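What follows is a set of notes on a single structure, which appears directly below.
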Amino acid sequence: MDALSKREPGPQPTFQKFEFIDLLLILDEEKLIGRKKLSERLGLGEGVVRTMLQRLKSKSLIEVYGKGGCSLSKKGVKLVNELKENIRAIGPIEANFPWQYSSNYALIVKNVGEKIKKGLEQRDEAIKAGARALMILTYRNGKLLMPGVSDLTSEQPDFALQLIRIVKPEHGDVILIAAGESLLEARKGALAAAQTFL
């Protein structure tokens, strides 16, 4: 991911690691997709997406089928499978959140609960990527915890149980729930927060 998002010489656009994560996950989900649809899903211009696809192709991570679109190569599938061992996208979720934004997107980062302190770095990355808010939780010994803040399971048991039922975390997981005015904002925020663990 670092190699893909590395700035190259010349007037090319720069990319965030989370944008490549998002692109790879979309390619995995869609199997075969064109640049225009990718551009819409990513919320990026077609020229930017073309450059991103060129980088993926240069690393033999995708196959390009002319106007038919592109798909992951065997090497790309292997990379995405490794990525999915670390990140599990839950997707859009509804719950009794302490905010009034129209969209919420959740994902889990596996086995990184010990790495998180208060989650300030993750929150900052989510906001920079366009999210309006980020809830960061760890799951330990059957409890949802807000690192350095509170034990959500003890303080708000109904809300905690609701989230546990939706996301189905395992011990040591970090749950990231980003909010935005659109699903795109929320998804970008959650992925940007997740990239800090990779």
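Got at least one residue in segment 67-79 being touching a strand residue (DSSP E or B) at 6+ places or on another chain (Cβ under 8 Å) and assigned to a loop (DSSP other than H, G, I, E, B)?
Checking segment 67-79: at least one residue is touching a strand residue (DSSP E or B) at 6+ places or on another chain (Cβ under 8 Å) and assigned to a loop (DSSP other than H, G, I, E, B).
Going residue by residue through segment 86-105, is there one that turns out to be of a type in the set (Lys, Arg), under 27 Å from Glu29 (Cβ atoms) and touching a Leu at 6+ places or on another chain (Cβ under 7 Å)?
For segment 86-105, residues of a type in the set (Lys, Arg), under 27 Å from Glu29 (Cβ atoms) and touching a Leu at 6+ places or on another chain (Cβ under 7 Å): present.
Every residue in segment 92-110 that is of a type outside the set (A, V, I, L, M, F, W, C) and either outside the structural domain of Ala126 (by TED's automatic domain parsing) or surrounded by fewer than 16 Cβ atoms within 10 Å (Cβ to Cβ) (or both), please.
Of everything in segment 92-110, those that are of a type outside the set (A, V, I, L, M, F, W, C) and either outside the structural domain of Ala126 (by TED's automatic domain parsing) or surrounded by fewer than 16 Cβ atoms within 10 Å (Cβ to Cβ) (or both) turn out to be Pro92, Glu94, Asn96, Pro98, Gln100, Ser102.
Here's the yes/no breakdown for (1) at positive phi; (2) among the aliphatic types (A, V, I, L, M); (3) surrounded by fewer than 14 Cβ atoms within 10 Å (Cβ to Cβ):
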| site | (1), (2), (3) |
| --- | --- |
| Leu38 | no, yes, no |
| Leu44 | no, yes, no |
| Val64 | no, yes, no |
| Cys70 | no, no, no |
| Lys74 | no, no, yes |
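When you check Glu63 against the structure, is it part of a helix (DSSP H, G or I) and either farther than 24 Å from Leu183 by Cα or free of Cβ contacts under 8 Å to residues at least 40 places away in the same chain (or both), yes or no?
no
Check Leu23, Leu44 and return the single one that is of a type in the set (A, V, I, L, M, F, W, C), out of contact with any Phe, Trp or Tyr (no Cβ under 8 Å at 6 or more places or on another chain), modelled with pLDDT under 95 and closer than 20 Å to Val64 by Cα.
Leu44
Give me the helices (runs of 4 or more DSSP H) completely within segment 111-168, filtered to those with at least 1 residues that are hydroxyl-bearing (Ser, Thr, Tyr), buried (at least 19 other Cβ atoms within 10 Å of the Cβ) and assigned by TED's automatic domain parsing to the domain that holds Lys188, ordered by residue number.
152-155
When the residues of segment 16-37 are filtered to those that are in a helix (DSSP H, G or I) and of a type in the set (Val, Ile, Thr), which remaining residue is nearest to the chain's Cα centre (by Cα)?
So the residue we want is Ile21.
The values are calculated or read from the model by the stated rules, or taken from the named source; none is laboratory data. Since this is a predicted model, take the numbers as computed values, not measurements. No Cβ is skipped: glycine too gets one built from the backbone with ideal geometry, and neighbour counts run over all protein chains shown.
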